[in-house]
Each structure stands twice: as C-alpha cells, then as structure tokens.
Amino acid sequence: MSPELKRFDGVLRRGGIQGVDDLVERWVRRSRQFRAATLPWTTQYQLGGGDFRTWRVRHGEGQFQIDGVPGEGRLRFLWDDWGERVLGEGTFEALAAKARELVRRGGPFGGPMQQGEPHWIDSGPLSRCARKRGEIRIDRTTPGVVTAIRVCPDGRFTFQLLTLDEPDLVELMSKLRKGDPVSLAIGGGRIPWCFADCAPIIGYVHAPLTSCYSSPVRARGSP
C-alpha cells in the first residue's frame, strides 16, 4: 500500500470506516441498492369523477407524486418535513421513467425549492439547506475534513474543501453557485460527475472501461 493510500486508510478508520476495502464495499452495496430499485406506483382517483388522478410511490426520504391524467401530468418529489420540488411535466409513462432514472442514479437530487432566507437543517455532522438551484451541504462526517457541496437537481455538483473554522455561509453559497460542476475531460469532451450520498465518496462518473469516484479525503491527502 502506498504512503498516500495508507494516510487515506487511516483517516477512514478514524471516521468509523474500516479502511479502503470497507469503503468500497459500502459503495458497492449502496450503488446496487439504488440501481436495482423499483417504483411500485399506487393510484388514487379524485372525487367527483373524471380521469384526474394522483400516483404516489415512497422512496428514501419522501415520495414521488404525479398529479394529472395519463396523457398529461406533473412530477414532484416531496421530502418528509422539508418541502417539495417539481421535477417535470409530461405523460405518466414519461414521468415514471424519469423518476426511475433519478433513483437509479442515486437521486432525487437538489432538495426542495425554498424561497426567502436559507433555512439550515442540522443532522449531526451534516448541515443542509435547499434553494431554487439546488441543495447546499456542509459535511463534517470525516475527521479533519469539512466539505461544502452544492447539488443540482440533475445530480451535477460542485464542492470546496473548507478549514475547520465555521465558514461565512453567504460567501460560501455565492462561491458554490459560481463554480462549474465537476466533470471529467475525456475524448475532447467533458462528462459531468453525479453526486453520491455515500460519505466520504461525494461523486462518481461512468467513463469508458471504468468508473471513477471522488472523495475530498483523497483530495486533501494528495500531494
């Protein structure tokens, strides 16, 4: 094991993960879980007759909901006790396919659309707030590493490594909004990374012949 990988392994163990192999297994389990997920929709017809109905299915921190008729509806995701985000309009088949694709990529992403002053939710070492353009996360789950991440509704993300001091949130949010999403340059083009809610892995990208993963722990430990 290289010195760099040993440092990475040590940081992981201090955070309760039993080294690099354990981290890989955690990611494999999580990715298999969301890629194999199914969405068994239930249907509720509105009172008063007509063809208008609501389709719902639970997933993760909330539920997908489609309101409309089979040929025209609106897809939303409703986070429990947090809010909702409209994800698109179209036929039931197209919206159900969109929800399924979001789930298989690890979503939904971006949190609910919220107006006014940012409202932060603290859950242990993770602080979150959601805005129109997506979700801001400040993640302190890995010892010695503080990561600020902006997650867009389509799964793209930007991030910054912070000092251990409390950040200026207004300045931080401005920098994250202005930053370009993380992408992989390959074959003369760029492939956007997708957010991965599997700390300390924060993103992944599928590239020809392989997949790549991003961790702020490795970034900070790199020469």
Self-check item: Electrostatic dipole magnitude of segment 42-104 [Cβ: Lys, Arg +1; Asp, Glu -1; Cα centre; debye, to 20]
Solution: 160 debye
Self-check item: q = 0.13 Å⁻¹: log10 I(q)/I(0) that the Debye formula gives for the chain, counting C-alpha atoms only
Solution: -0.84
Exercise. Counting other beta carbons within 10 Å of each Cβ, put LYS175, LYS132 in order, fewest first.
Key: LYS132, LYS175
Exercise. Using a Förster distance of 41 angstrom, determine the FRET efficiency expected from the C-beta separation of VAL28 and ARG177, and round it to 0.05.
Key: 0.80
Self-check item: Burial order of peptide ranges 94-105, 141-152, 19-30 (average beta-carbon count within 10 Å, highest first)
Solution: 141-152, 94-105, 19-30
Quiz item: HN-Hα J couplings of segment 192-202 from phi, Karplus 6.51/-1.76/1.60, θ = phi - 60°, integer Hz, Gly and Pro as x?
Solution: x, 6, 10, 5, 10, 7, 8, 3, x, 6, 10
Quiz item: According to the square roots a ≥ b ≥ c of the eigenvalues of the Cα gyration tensor, what is the shape class of segment 48-151, taking rounded for a/c under 1.5, prolate for a/b larger than b/c otherwise, and oblate for the remainder?
Solution: prolate
Quiz item: How far is it, in nm, from the label point at MET113 to the one at ASP21 when both lie 7 Å from their Cα along the line to the Cβ?
Solution: 4.8 nm
Quiz item: What's the local net charge at GLN46, with K and R +1, D and E -1, over the other residues with C-beta under 11 Å away?
Solution: -1
Quiz prompt | Test item: Cα-centred dipole of the chain, Lys/Arg +1 and Asp/Glu -1 on Cβ, debye | solution = 520 debye
Quiz item: How large is ³J(HN,Hα), in whole Hz, for each residue of segment 4-11 in order, when computed from phi with the Karplus curve 6.51 cos²θ - 1.76 cosθ + 1.60 and θ = phi - 60°, using x for Gly and Pro?
Solution: 5, 5, 5, 5, 4, 4, x, 4
Quiz prompt | Additional length obtainable on full extension of the chain from SER2 to ILE191, 0.36 nm per residue less Cα span | solution = 65.2 nm
Quiz prompt | segment 1-50-segment 109-142 distance, computed between alpha-carbon centres (Å) | solution = 19 Å
Quiz item: Restricting attention to the alpha-carbon atoms of segment 42-104, what are Rg (one decimal) and Dmax (integer), both in Å?
Solution: 11.5, 36
Quiz item: What are the residues whose amide H is under 5 Å from the amide H of ALA196, where those residues sit 5 or more places off or on another chain and H is modelled from the backbone?
Solution: GLY203, TYR204
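We did not get these values from a lab; they are worked out from the coordinates using the rules stated. Treat the numbers as computed from the prediction; the structure is a model and nothing was measured. Here Cβ is always computed from backbone atoms with ideal geometry, including for glycine, and neighbour counts include all displayed protein chains.
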